[in-house]
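This report refers to the structure that appears directly beneath it.
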């Protein structure tokens, strides 16, 4: 069967573009439902879960296949700081504001723990890819 | 047929590390490593950038080899 490089490349770009459109639309739907319609999250959990799975796949696959630029642990930590701040703010919002120090600590600890685990997993997957391809320093 | 290259040999001849060649070609060290190992097919644009960085022609660095058919 004829396998044309140009057609394969064009198809990959179209698929990536299609995914990009879906991704932005899903995010838009989430914002619309949360902030415009004011729906509680349990009314749109299916959309949120779809968005989460898509995001998780892109993140994990990028590290597992070496498709990242920043690889050192220090750079990863730098990259994670804004993510942690955003996670804390979002966590505070969904908890309906922070009233006690215990609530604040719970949100901060949850954000730190979950993102640290994600960071460690990403680091492990990238190192595993490097090792598999004999690219480790 | 399989794609072959002698990027590693040319790099060593030019006394360059993978990181130095990567910087000259505008890619990461890992990409150079994968090309040298034959695990990644670079685009024509990258092939020419590597050839230029190593003062070689495309023919010097990349070629296609017919595989022997086993009965």
query: Of all residues in the stretch A:35-85, which are more than 14 Å from chain B (Cβ to nearest Cβ), modelled with pLDDT under 85 and either touching a helix residue (DSSP H, G or I) at 6+ places or on another chain (Cβ under 8 Å) or surrounded by 12 or more Cβ atoms within 10 Å (Cβ to Cβ) (or both)?
result: A:41, A:73, A:76, A:77, A:79, A:80, A:83, A:84
field: residue B:28 vs. criteria over 9 Å from the mean Cα position of the chain (by Cα) and facing chain A (nearest Cβ under 10 Å)
entry: yes
- prompt: If we scan the stretch A:18-27, do we find a residue that is outside any helix (DSSP H, G or I) and not assigned by TED's automatic domain parsing to the domain that holds residue A:130?
  reply: no
Enumeration of residues in the stretch A:117-134 that are touching a residue at least 24 places away in the same chain (Cβ under 8 Å) and in a helix (DSSP H, G or I): A:118, A:119, A:121, A:122, A:123, A:125, A:126, A:128, A:129, A:130
query: Among the candidates A:61, A:67, which residue alone is within 27 Å of residue A:131 (Cα to Cα), free of Cβ contacts under 8 Å to residues at least 12 places away in the same chain and not in a helix (DSSP H, G or I)?
result: A:67
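Rundown of residues vs (1) away from every other protein chain (no Cβ under 14 Å); (2) without any contact (Cβ under 8 Å) to a residue 12 or more places away in the chain; (3) under 22 Å from residue A:129 (Cβ atoms), yes/no style:
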site: B:38; (1), (2), (3): no, no, yes
site: B:45; (1), (2), (3): no, yes, no
site: B:51; (1), (2), (3): yes, yes, no
site: B:54; (1), (2), (3): yes, no, no
site: B:60; (1), (2), (3): yes, no, no
query: Of the residues that make up the stretch B:9-28, is at least one in contact (Cβ under 8 Å) with a residue 12 or more places away in the chain, out of contact with any helix residue (DSSP H, G or I) (no Cβ under 7 Å at 6 or more places or on another chain), over 16 Å from residue A:137 (Cβ atoms) and buried (at least 17 other Cβ atoms within 10 Å of the Cβ)?
result: yes
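The values are calculated or read from the model by the stated rules, or taken from the named source; none is laboratory data. Quick caveat: nothing in here was measured; it's all calculated off a predicted structure. FYI the Cβ positions are ideal-geometry reconstructions off the backbone, even for glycines, and counts take in every protein chain you see.
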